[in-house]
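Presented below is the structure to which this report refers.
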Amino acid sequence: MLVDQPRVRELARRTHDALELLADLGLPPPVHPLARSVTVHDPCHLAHGQGVRVAVRSLLATVPGVRLVELEDADVCCGSAGTYNLTQPRMARRLLARKVERIAATGADVVAAANPGCLLQIRAGVIARGLPVTVEHPLDLLATAHGVEGMR
């Protein structure tokens, strides 16, 4: 496997998710409060592949007005998994239904998911279920809280 090659290991060691980098660097205090309850979905590539689970929560916890609500099974797949929802649609729907059920139980206004596939998958699930929840990338929430314009 490629991971056994020293150059690949070194590249992997130096590669970080943007949220992990921001958490390590530290951000100035956010200037705009967000009166939102937020639950976090941990994408598989971050939680299991890179071991990143704390960064997004620690960053969002700095935003005035944000109330973090823990999501049961936050690190269980939502069913997107790259092309999994296309190649295994039946199982992907089961995973999504379980994830949406867990999201509904939180009562949160926002689901933060740091993966584009998860964003699309979870958004489709909450819309289909009729939940009054938005699904956003944590970087978008942080940009809003820090007054950064033009992120979308």
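Any read-out appearing in this document is the output of simple, stated calculations on the displayed coordinates, not a laboratory observation. Source: prediction; values computed, not measured. As a convention, Cβ positions derive from the backbone with ideal geometry for all residues, glycine included, and neighbour counts pool all protein chains shown.
Would you mind calculating the gained length between Arg7 and Leu25 on full extension (0.36 nm times residue separation, minus the Cα-Cα distance), in nm to one decimal?
My answer for the length gained is 3.9 nm.
Cα-based Rg (one decimal) and Dmax (whole number) for the chain, in Å?
In order Rg, Dmax, the Cα atoms of the chain give 16.1, 49 Å.
Mind checking the full-extension length gain between Ala18 and Arg129? Use 0.36 nm per residue of separation minus the Cα-Cα distance, one decimal, nm.
That pair, Ala18 and Arg129, stretches by 36.9 nm at full extension.
Run the simple label-point estimate for Ala104 and Leu120 please: 7 Å along Cα→C-beta, distance reported in nm.
The modelled label-to-label distance comes out at 2.5 nm.
Please state the charge dipole magnitude for the chain, taken about the Cα centre, from unit charges on C-beta atoms (+1 on K and R, -1 on D and E), reported in debye and rounded to the nearest 20.
420 debye
Compute the label zone of Asp73 within region 102-126: residues whose backbone N is under 19 Å from the point 7 Å along Cα-to-Cβ.
Counting backbone N atoms under 19 Å from the label point, the list is 102-108, 111-114, 118-126.
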